Structures are given as C-alpha cells and as structure tokens.
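Asker: One structure follows; several queries about it will come next.
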Amino acid sequence: MSLIVVGSMAFDAIETPFGRSDKIVGGAATYIAWSASNFTKPIQQISVVGGDFPQEELDMLVKRGVNLEGVQVKKDKKSFFWSGRYHMDMNTRDTLETQLNVLGEFEPVVPRSYQGADILMLGNLSPAVQLSVIDQMQKRPRLIVLDTMNFWMETALPDLETVLSKIDVLLVNDSEARQLSGQYSLVRAAKEIIKMGPKFLIIKKGEHGALLFHDDHVFFAPALPLEEVFDPTGAGDTFAGGFAGYLDNTKDFSFEGMKSAIIVGSAIASFCVEKFGTTRLKELSKNDIDERIQEFVDLVNFDISLVAG
Ligand code: AMP
C-alpha cells in the first residue's frame, strides 16, 4: 500500500464567531496526512516548509507513518501562512491574509522511493505544481485524486484544464462545481465536469454532506449533525485524506468502493471540526472512528413499505 500526498504544510490563524486561534499548524497536506494515516501506511508526503515549522510536528507525523523524504525544508525561509475568518453559518469564510513564502517558489520533487505508488492525492495547490508531480511519476498511479478551488479557476484555468484531463477523481465544493461548469444544476454541472476528464466527481456541500457522481450514477453521503462546530478549517482536506487513505487500504476503486470511501471521509471530517486545527485528529482512536462510521450508517438507515395507490 502506498499513497502519495501533495499539498501545503502551513501556519494558520483562524477566527470563528466562537473563538480565535494564534498561529497554529495547518495546511492541506497536514490535514490529509493525519486523516489518511488512520487507514494506510506509509503516507509519502510532498511539500515544503520553512525553518520556522516546528520539528515536533514533523516528528509526530513520522511517528504516525508519514514519510517526509519529499518534504523540502528551507531553513532560512518562512512557511506558508494563511488566515481566515468564518461567518456565523461556519460554512463560508473570508481569507484575511495569504503569505505564500516558501510555497511561492515550490518545485516539488518526487523521491525515487515514492515511485510505484497506487494513489496520488493532489491537495489544493497551483495546477502547475500538481501537473509537475503527475509528470514526474514514471508509472501512472492507479488512481489520481485532485482537490482544487475557485482561485485556480480564476487565475490558472488552462493549466487546471490540463490537470483535469489527467486525473480520475475531482473534489470541489458546490459553488466551485457551478463556477467550473457554468451550470446551476449540480447534475448538469457533474456531466460537464466529467467531460473534462475525471471519471468520478465529488461535490462537497459542507454541513449538507457530499455527492458522488460517476457515469449516470449518483450517491449522497450526509454530514453528521453536530452539536458543536468549533473550526471547519481543514474539513475538506480531512475528508480527502480519509477518502484516499481508505481507498488505498481497500483498493476497490469501483463506484461501490467509492461510496464507502466518502462515508469514511465524511466521518473523519466530522471529527476535524470539533476542535481548532489538527487537535482532534491527533487524539482519535480506531474505536472513535468505528463508532462515528456507525452513526453515519444509522443516520440514513430506514425501512419503508411502499404503498400502492
Ligand atoms: P480547507 O478548510 O479544507 O479548505 O483547507 C484549509 C487549509 O488549506 C488551511 O490549513 C490552509 O493552510 C490551506 N490553504 C489555504 N489557502 C491555500 C492555498 N492558496 N494554497 C495551499 N493551501 C492553502
């Protein structure tokens, strides 16, 4: 089993209506790795950090089964920094500040030991960087999963279109699916996006769950109604990590296999939002995860008798 994860490792500062964090460790690849490592090892990480990134955070990831050979450390530079403020609905947020720092000149290098991976999980980054990793793979991974965002649709659409033509699974949120396809109906949006390359499309709808599209099939995974949502940062990445990590474990890349994987992704993401940053992900046990997955099963399980008219 092996899964390559590419993405940012960063410092974040987060404000929600209920609290704020100082500079804490975040980044898409950090969340993905913590989440995926519940299901598969090793995680083969590709990222870049500055000399300010805490060594103990890197050590914790290594202990967790994350190989950091592909993580470049630029000793005299600063790590990527992002800060955001959530609105009252906790589904929408404003970016307050982005300091690219080391991410601005990131040239990923795929270590030789990572070649032959089954799954390549490309976290949200510039499409040019995502493409460079795909191009460095000597043997195409069996599954390439990609996360992206509206920013790249607005600033790097030609590169994004090239990446889309090379991947298997695309993860976007509902407004991004509409923006990319120019369609309001998510069913029509999915048809348009699937024509661009990915065979599977996952549309995330925050606290309203996620949809999986493939050919003429569609599946809906709910989000668990939670009493407290503390910090939604990284929920999308945690979802992606759970999804890709679970698939690397099962190797069932069929529509049925992906249905299970998006339930698992949703379950892990529901933990992420319960505390600031990666705190909650670091304390999870297998038992916590199993119980949460069962809650998902119970949430949508019902018997019904059809009544003839
Ligand atoms: P999510 O809440 O799942 O959309 O992801 C939030 C994480 O993405 C944060 O930890 C940020 O550090 C990271 N992030 C925010 N903007 C960018 C960007 N432009 N490129 C890479 N990572 C980013």
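Asker: Given a cut-off of 28 Å, name the pairs among K78/K204; K259/K286; K204/K275; K166/K275 whose C-alpha atoms lie farther apart than that in the structure shown.
Answerer: Correct reply: K78/K204; K166/K275.
Asker: Expected output is a single nm value to one decimal: the length gained when fully extending between D76 and K195, i.e. 0.36 nm times separation in residues minus the C-alpha distance. What is it?
Answerer: Result: 38.4 nm gained on full extension.
Asker: Kindly identify segment 69-153 as rounded, prolate or oblate by the Cα gyration tensor criterion: order the square roots of the eigenvalues as a ≥ b ≥ c, call it rounded if a/c is under 1.5, otherwise compare a/b with b/c, prolate if a/b is larger, else oblate.
Answerer: Because a/c hits 1.5 or more and a/b fails to exceed b/c, segment 69-153 counts as oblate.
Asker: Residues of segment 52-77 with backbone nitrogen within less than 12 Å of a virtual label 7 Å along the Cα-to-Cβ line of Q115, please, listed as ranges.
Answerer: No residue passes the distance filter.
Asker: Per residue of the chain, what 222 nm ellipticity follows from adding -39500 (n - 2.57) for every DSSP H run with n ≥ 4, rounded to the nearest 500?
Answerer: Rounded to the nearest 500, the figure is -11000 deg cm²/dmol.
Asker: Here is a further query. Among K77, K205, K63, which one shows the highest mean-square fluctuation when the chain is modelled as a Gaussian network with alpha-carbon springs under 10 Å?
Answerer: K63
Asker: Set the Förster distance to 35 Å, then compute FRET efficiency between D252 and Q55 from the Cβ-Cβ distance, nearest 0.05.
Answerer: 0.40
Asker: Given the Cα-Cα distance of E291 and L306 and 0.36 nm per residue of separation, how much length would full extension add, in nm?
Answerer: Roughly 2.3 nm would be gained on extension.
Asker: Assign one of three labels to segment 191-309, namely rounded, prolate or oblate, based on the Cα gyration tensor with a ≥ b ≥ c the square roots of its eigenvalues; rounded applies when a/c is under 1.5, prolate when it is not and a/b is larger than b/c, and oblate otherwise.
Answerer: Oblate, because a/c is 1.5 or more while a/b does not exceed b/c.
Asker: Quick one: which of 24-31, 184-191, 173-180 comes out on top by average Cβ neighbours within 10 Å, and what's the full order, highest first?
Answerer: Ranking the peptides 24-31, 184-191, 173-180 by packing returns 24-31, 173-180, 184-191.
Asker: For the charge dipole of segment 185-309, defined by +1 on Lys and Arg C-beta atoms and -1 on Asp and Glu C-beta atoms about the Cα centroid, which residue among F219, P232, F302 has the Cα displaced farthest towards the positive pole?
Answerer: It is F219.
Asker: I need the peptides 297-308, 275-286 ranked by packing, meaning the mean over residues of other C-beta atoms within 10 angstrom, with the highest value on top.
Answerer: The packing order, highest mean first, is 275-286, 297-308.
Asker: If the chain between K166 and R85 were fully stretched, how many nm would it gain, using 0.36 nm times the residue separation less the Cα-Cα distance?
Answerer: 25.8 nm
Asker: Under unit Cβ charges (Lys, Arg +1; Asp, Glu -1), what dipole magnitude, rounded to 20 debye, does the chain have relative to its Cα centre?
Answerer: 760
Asker: Give the separation of the Cα centroids, segment 1-63 to segment 233-290, in Å.
Answerer: Between the Cα centre of segment 1-63 and that of segment 233-290, the gap is 15 Å.
Asker: Right, something else. Using the beta-carbon distance between M153 and K282 and R0 = 41 Å, what value does 1/(1 + (r/R0)^6) give for FRET efficiency, to the nearest 0.05?
Answerer: 0.80
Asker: For the pair T92/K259, report the inter-label distance in nm, with labels modelled 7 Å from Cα in the Cβ direction.
Answerer: With each label placed 7 Å out from Cα toward Cβ, I get 3.4 nm.
Asker: Hey, another quick one. Given R₀ = 25 Å, FRET efficiency for E105-E274 by Cβ-Cβ distance, to 0.05?
Answerer: 0.10
Asker: Which net charge results when you count Lys and Arg as +1 and Asp and Glu as -1 among the other residues whose beta-carbon is under 10 Å from that of T30?
Answerer: So the environment of T30 carries a net charge of -3.
Asker: Tell me, what is the per residue accessible area of the chain in Å², probe radius 1.4 Å?
Answerer: Per residue, the chain has an accessible area of 46 Å².
Asker: Could you please state how large a percent of the accessible area of the chain is carbon and sulfur, counting protein chains only and using a 1.4 Å probe?
Answerer: Ligands and nucleic acids excluded, carbon and sulfur reach 51 percent.
The values are calculated or read from the model by the stated rules, or taken from the named source; none is laboratory data. None of these values were measured; they are calculated from a predicted model. Please note: Cβ atoms are built from the backbone with ideal geometry, for glycine as well, and neighbour counts cover all protein chains shown. In case anyone asks, the SASA skips ligands and DNA or RNA and just uses the protein heavy atoms, side chains included. Shrake-Rupley method; radii C 1.70, N 1.55, O 1.52, S 1.80 Å.
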